[in-house]
Amino acid sequence: MDPIEAEEAMTGSDESTESGMPLIRLSDVSKIYHLESGDFTALDHVSLDINEGEFVAIMGPSGSGKSTMMNQLGILDVPTTGKLYINGRDVATLTPLERTHMRRDVIGYIFQKFYLIPLLTAYENVEYPLILRYKKRDDTGKAAAVLKSVGFDEALSAHRPTQLSGGQQQRVAIARALVNEPKIILCDEPTGNLDSKTGKQIMDILCRLNGEGKTVILVTHDPKTAECARRTIHLADGRVVES
Amino acid sequence: MKDIFFDLSVRSVKLNFLRSILASVGIVIGVVAISAMGMLGTNMQLSVKSQLSSDVNTVIITPDVVKQTSIGGATIATTTIDTSELQDITSAAGQNTVIPIHRTSSPFYIGSTEGRGSIYGLNPTDIPKFLSVAQGQYTEGGSDALVGPTIASNFNMNLGTRIKIGSESPGAILPAVRVSGILAARGITSDNVNSDNAIIVPDLWYTNTYGGLNLYDQVNVIVTNIDQLNETEAAINAKINRNGDVVRITDATSRLATINQTLGTMTSFILAIGAISLVVAAVSIFNVMMMSVKERVQEIGILLSIGTEKGEVRRMFLYEAFILGLIGAVVGGIMSTIIGYSVVSAMIGNTSYFFQPASIMFVPEGMIIGIVVCIASGLYPAWMASNMDPIDALRSE
């Protein structure tokens, strides 16, 4: 078994779709935070299926559980009760290292604040997930190609994040999310820090990616941003109120 | 750069250049303290050992019992080695050189200047066997004497200088010797003949002046083959002490071991003082590493959220500690070589042992200790960074 096959065995495979299980399944998922003031239920018995190739928008007011949902889908957190399956694997049964590898290989994260690594250039930020996965610098030209696909030439790729505009930073973040060819792209308010024109350009890129078969999950409070989505899930008080 | 985590660490150090350099200064001081002090102690040990080792092949035999001896018709108690005992020693020593020695301490006068020193009475033929003349010539007997370089320097003795030996009293005519040669310096010796600060007179002149013909205060046996030292000692002991301890037999090895142990303890002590500065440096590195982690919480959150393994985050911070240690160790290594050389030169006055492995090894040793201390100081901050909750880390500003 070569290293990539081994990784796929660890992080899941196409078995999920072949066996009829959706790419993402939340089954009666609750997330309860134990605070000093008492327990706070951020997600309350949520059940939901998201199939491969979907473009789903998750909407809801502040405190509705959107971020908690994103943390669950991004495997940054695990449910308090219920089952969460991603790519056919029960997240609760994964070891911390397996979760890390799943975040690296199955999920591409795009944040509102871009969250690029400040010490690395645009190119290195995109190359970084490849290095994490293959344990070596990218000699295939893949990082450069993905950067080019979001409109970055070689000269611009050598800039540090602080030398780039918000729109450019978000393009780099998208390239970083795409470079390992993840099945799921999670977008947390990706246009929240951008002007409307740049925001539209970013959404066009996400729509194009969905058109190419990527599963895109978008958290937003802006109905205009959610227009691209073919399905919208509304959350309120940690519950799905409309899907 | 091949390893992106090393690259990130290098860039972080560059970004906080002044802070990193200041933290490394602590390591520089620690490495210099350990290396320079270690080299000083070792050079001291090597220097003393070398001086003692030059006559380490000498067996020293001194009387161990008080005997009733008849001198000039009167019976007196003496602690000397007599002719029969000397014959036993000579017989047991075989082909090795046997040197009977008369010894006392006496006042002397150079003109009206009074001094005090050791007076050794030696057969003129024995003197060249273990003492060298730096100036003038060996004594051939009579009243020609040799003087050590220290006593010669302290009392302005030159070739031909007349030395009156004994306590001056009204009407008394003191016996005198004339300096025929000045001995070469021997420094610390282990054959119990401290010639640097002594007057060496012919044995006949000595016994004519002090009495004690055929009675010796000490007998030295110079063993030709150092490997036979213990064997020779055993043979002498078996021969002369067969009916109880008549003489005490020693050699330089036990003395050398004692001095080495003392100097070793001293070296350890000064090394411990040096190590304190490394502890201070370790606290400084720990502080800098903690600051680095605290300042980069969000970055750590990004790294963890996009699939960086905990071990990789740990490695990144340990690299940073290693870089700080490496900078400190390299600068410290260079400085400790320079400072160590100066200190050894100033305090011992002899740098011929400085580049010997036992001495110069303190430089790489100090450097390695400096780097290890840095990495150890970075362990907890690195562990803390790798175990952060990515959600909390991402939320931090």
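Bear in mind these aren't lab numbers, they're just calculated from the coordinates by the rules spelled out. For clarity, every value in this text was computed on a predicted model and none was experimentally measured. Cβ sites come from the backbone with ideal geometry, for glycine too, and all protein chains shown count toward neighbours.
The DSSP beta bridges internal to chain A are antiparallel in roughly 55% of cases. Compute the long axis of helix B:4-15 from its Cα atoms, compare it with the longest principal axis of the Cα atoms of chain B, and write down the angle in degrees, 0 to 90, nearest 10. The helix B:4-15 is inclined about 80 degrees to chain B. Taken over the stretch B:254-346, the alpha-carbon convex hull comes to 124 cubic angstrom per residue.
For the peptide A:47-55, the mean number of other protein chain Cβ atoms found within 10 angstrom of a residue's Cβ is 0.
If I take every Cα pair under 8 Å that is 6 or more residues apart in the stretch A:121-243, average their sequence separation and divide by the length, what percent do I get for the relative contact order?
Across the stretch A:121-243, relative contact order equals 21 percent.
Using the alpha-carbon positions of the stretch B:295-397, Rg (one decimal) and Dmax (whole number) come out as 20.3, 64 Å. Nothing charged except the Cβ atoms of Lys and Arg (+1) and of Asp and Glu (-1): what's the magnitude of the dipole of the stretch B:294-333 about its Cα centre? Round to the nearest 20 debye. The calculation lands at about 100 debye. Hey, how much of the P(r) for chain A falls beyond 23 Å, as a percent of Cα pairs? The calculated P(r) of chain A puts 50 percent of pairs beyond 23 Å. As an equivalent ellipsoid, the stretch B:145-195 spans semi-axes of 24, 14, 9 angstrom, where each value is the square root of five times an eigenvalue of the C-alpha gyration tensor, largest first.
Take each residue in A:109-118, count the other chain C-beta atoms within 10 Å of its C-beta, and the mean is 4. Taking only alpha carbon atoms, the stretch B:147-267 gives an Rg to Rh ratio of 1.06, where Rh is the Kirkwood radius.
For a straight C-alpha distance cut-off of 29 angstrom, the lysines reachable from A:Lys135 (same-chain residues fewer than eight places away being disregarded) are A:Lys113, A:Lys148, A:Lys183, A:Lys214, B:Lys2, B:Lys14, B:Lys294, B:Lys310. Dipole of the protein assembly as shown computed with +1 at Lys/Arg Cβ and -1 at Asp/Glu Cβ about the Cα centre; of B:Val177, B:Ile338, B:Ile391, farthest Cα towards the positive end is B:Val177. Once the dipole of chain A is set up with Lys and Arg at +1 and Asp and Glu at -1 on Cβ about the Cα centre, which of A:Gln112, A:Leu76, A:Ile24 lies farthest towards its positive end? Farthest towards the positive pole: A:Gln112.
Spin-label model, B:Leu18 to B:Thr79: label points 7 Å out along the Cα-to-beta-carbon direction sit 7.1 nm apart. For the protein assembly as shown, the antiparallel share of DSSP beta bridges with both residues in that region comes to about 70%. Sorted on the mean count of surrounding Cβ atoms within 10 Å across their residues, most packed first, peptides B:320-328, B:230-238 read B:320-328, B:230-238. Length available on full extension from B:Ser342 to B:Leu204: 0.36 nm per residue minus the Cα-Cα distance, which gives 44.8 nm. The ranking of B:Thr224, B:Thr139, B:Thr97, B:Thr62 from fewest to most other beta carbons within 10 Å of each one's beta carbon is B:Thr224, B:Thr97, B:Thr62, B:Thr139.
Helix B:17-53 and the longest principal axis of the Cα set of chain B meet at an angle near 20°. Take each residue in A:20-30, count the other chain C-beta atoms within 10 Å of its C-beta, and the mean is 0.
The modelled label-to-label distance for the pair B:Ala376/B:Leu174, using points 7 Å beyond Cα in the direction of Cβ, is 6.2 nm. Under the convention that each Lys and Arg Cβ holds +1 and each Asp and Glu Cβ holds -1, the size of the dipole of the stretch A:164-203 around its Cα centre is about 140 debye. The dipole here belongs to chain A: it is taken about the Cα centre, uses +1 on the Cβ of Lys and Arg and -1 on the Cβ of Asp and Glu, and is about 600 debye.
Shape summary of the stretch B:215-262, radius of gyration then Dmax from alpha carbon positions: 12.4, 36 Å.
Rg then Dmax, both in Å and based on the Cα atoms of chain B: 33.0, 108. Only one residue of B:Val32, B:Thr250, B:Gln137 has its Cα farthest out toward the positive end of the dipole of chain B, where Lys and Arg carry +1 and Asp and Glu -1 on Cβ, and that residue is B:Val32. For the pair B:Gln87 and B:Val280, the difference between a 0.36 nm per residue extended length and the Cα-Cα distance amounts to 63.0 nm. Divided by 2.2 N^0.38 Å, where N counts the residues, the Cα radius of gyration of the protein assembly as shown comes to 1.71.
Length gained on full extension, B:Thr265 to B:Ser106: 53.6 nm, using 0.36 nm per residue less the C-alpha separation. The C-alpha atoms of chain B define a longest principal axis, and helix B:362-386 lies at about 30 degrees to it. When B:Phe6, B:Phe354, B:Phe269 are sorted by how many other C-beta atoms sit within 10 angstrom of their C-beta, beginning with the fewest, the order is B:Phe269, B:Phe6, B:Phe354.
Counting beta carbons within 10 Å around each of A:Cys228, A:Cys207 and listing the fewest first gives the order A:Cys207, A:Cys228.
B:Thr161 sits among other residues whose Cβ lies under 13 Å from its own Cβ, and their net charge, with Lys and Arg +1 and Asp and Glu -1, is +2.
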